[in-house]
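Input: a single structure, listed below in structure tokens.
No lab work stands behind these numbers, since they all come straight from the coordinates. Quick caveat: nothing in here was measured; it's all calculated off a predicted structure. Glycine also receives a Cβ, built like all others from the backbone with ideal geometry; neighbour counts cover every protein chain displayed.
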Amino acid sequence: MPVLSRNESLAIPQEALVLKKYFDTETEWDRPEKEIIGPIEVEIEFDEILGNDKPKTRAKVYRPIRQLSDNVRPLVHCPESLWGGRVYPVAAIKFGRGFLIYTGMNLDEEREYKLLLDIVKRLSLLGYEVLTKSD
């Protein structure tokens, strides 16, 4: 699969990007200088909202959220990130009367797809009350 790299001479205003414009959040980009191009495998950890067991596992992550705002609730984070600082591969973004689930996991593999299904199931059973109380 060909990988597109970001053209550093092409300046895209952050306000033009949908996540920034409508949801006040940003994602990570490829960073060739750190050898981050395309999906990379990292350790991820579920946040408290998904239950008290806080499982850790590995997943291929691509463009995780790097900046939280009042509208964004993290669901999964990378304890240590190659990007520098904490990043959030899965988050709930407030939208109207509900939430959108953003995933920065690479869903080309069955493992990540099953992880995302587990996250959505946990959120449905445990987290909705927490999400609505934190407004």
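Results, tabulated for the structure shown:
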{"read-out": "Extension gain from Thr57 to Leu100, taking 0.36 nm per residue of separation minus the Cα-Cα distance", "value": "13.2 nm"}
{"read-out": "Pairwise label distance in nanometres, Glu35 with Leu107, each label 7 Å out on the Cα-Cβ vector", "value": "3.0 nm"}
{"read-out": "Global form of segment 38-133, assessed from the alpha-carbon gyration tensor, a/c cut-off 1.5", "value": "prolate"}
{"read-out": "Modelled FRET efficiency - R0 35 Å, Lys114 with Lys20, Cβ distances, 0.05 increments", "value": "0.70"}
{"read-out": "Normalised contact order of segment 38-133, rounded percent, pairs of Cα under 8 Å and 6 or more residues apart", "value": "28 percent"}
{"read-out": "Exposure proxy order (Cβ contacts within 10 Å, fewest to most) of Asp30, Asp108", "value": "Asp108, Asp30"}
{"read-out": "Footprinting exposure proxy for Ser69, Ser124 (fewest neighbouring C-beta atoms within 10 Å first)", "value": "Ser124, Ser69"}
{"read-out": "³J(HN,Hα) computed for each position of segment 101-117 - Karplus, 6.51 cos²θ - 1.76 cosθ + 1.60, integer Hz, glycine/proline x", "value": "9, 9, 10, x, 8, 7, 8, 6, 10, 4, 4, 5, 4, 5, 4, 5, 4"}
